[in-house]
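Colleague: Below you'll find the structure I mean.
The values are calculated or read from the model by the stated rules, or taken from the named source; none is laboratory data. Worth saying up front: this structure is predicted, and the values here are computed from it rather than measured. Quick reminder, even Gly has a Cβ in these numbers, built from the backbone with ideal geometry, and neighbours come from all protein chains shown.
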Amino acid sequence: MKRVRKFSSAISLAIFLSTLLPAITAAQNSVEGEVQFVGSNKAEKSAGVWIDGQYVGYVSELKDEKKVLLLPGQHEISVRQTGYLDMTQTYVVEPAKKLTITVKLDKDPNAQYSAVTSEVKLKVTPERAAVFVDGNFAGYVQQFSGMGRGMLVSPGAHHIKIALAGYQEFDTDVHLLPKQKITIKTELVAGSITQAPPAIKQN
């Protein structure tokens, strides 16, 4: 009889939680604010976005199921693109309201480009992960994978990092000869949910 009562209590608790959790989620969504990003050219649309120091994706993908929802309050948002100056500003997100950020990037006058280059192709999943070369944001994986796509870098030694929230970072060092072509293949390993910042949510 005691076993039957315990089993019945467990079922009642499960039913209670199943009805309560959707209500909690709905209440949380009602207080979050949405941040929308708008870019006018290819460089701006493919630029990487950081919120409170955390990479969340590139401009043109942060919509629909990947839209960014933030808890109300101040958030530092930075947009970065190779060859351009960072666009960094603190924004106030209000409950249940949409904040539209127009991305406007200015070219970096100090950017230097090598006359002779090497090529790095990527076969990495997820393809939306950010790519860093020597600590600088270079783009996202999909830009450097597939036919006719590759990342052009100067010959020599480089440190390449691939990162995405919720996954363990991938790091490797390469030493490239002039006009050499290499392919980096890997699959990012899903990390602990605690690695993702609690104030940032993507549907």
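Colleague: Only residues that are free of Cβ contacts under 8 Å to residues at least 60 places away in the same chain and among the small types (Gly, Ala, Ser): list them for region 130-148, please.
Modeller: Gly135, Ala138, Ser145, Gly146, Gly148
Colleague: Quick one: would you say Glu76 is under 23 Å from the mean Cα position of the chain (by Cα), among the acidic types (Asp, Glu) and at pLDDT 95 or above?
Modeller: Judged against the criteria, Glu76 is a match.
Colleague: Hey, Gly53 hits all of (1) surrounded by 11 or more Cβ atoms within 10 Å (Cβ to Cβ); (2) under 24 Å from Val141 (Cα atoms); (3) not aliphatic (A, V, I, L, M) but one; which does it fall short on?
Modeller: Unmet for Gly53, out of (1) surrounded by 11 or more Cβ atoms within 10 Å (Cβ to Cβ); (2) under 24 Å from Val141 (Cα atoms); (3) not aliphatic (A, V, I, L, M): (1).
Colleague: Residue under question is Ala157, and the condition is that it be more than 26 Å from Gly39 (Cα to Cα), assigned to a loop (DSSP other than H, G, I, E, B) and not acidic (Asp, Glu); does it hold?
Modeller: On the way: more than 26 Å from Gly39 (Cα to Cα): yes; assigned to a loop (DSSP other than H, G, I, E, B): no; not acidic (Asp, Glu): yes.
In short, no.
Colleague: Looking at region 86-103, which of its residues are under 19 Å from the mean Cα position of the chain (by Cα) and surrounded by fewer than 17 Cβ atoms within 10 Å (Cβ to Cβ)?
Modeller: Asp86, Thr88, Gln89, Thr90, Tyr91, Thr100, Thr102
Colleague: I'm checking my understanding of the structure. Among residues of region 36-54 that are in a strand (DSSP E or B) and under 24 Å from Glu94 (Cβ atoms), which one is modelled with the lowest pLDDT?
Modeller: Narrowing region 36-54 to residues in a strand (DSSP E or B): 36-39, 48-51, 54.
Now restrict to residues that are under 24 Å from Glu94 (Cβ atoms): 36-39, 49-51, 54.
Details: Gln36: 96, Phe37: 96, Val38: 95, Gly39: 94, Val49: 95, Trp50: 95, Ile51: 95, Gln54: 90.
Out of the qualifying residues, it is Gln54.
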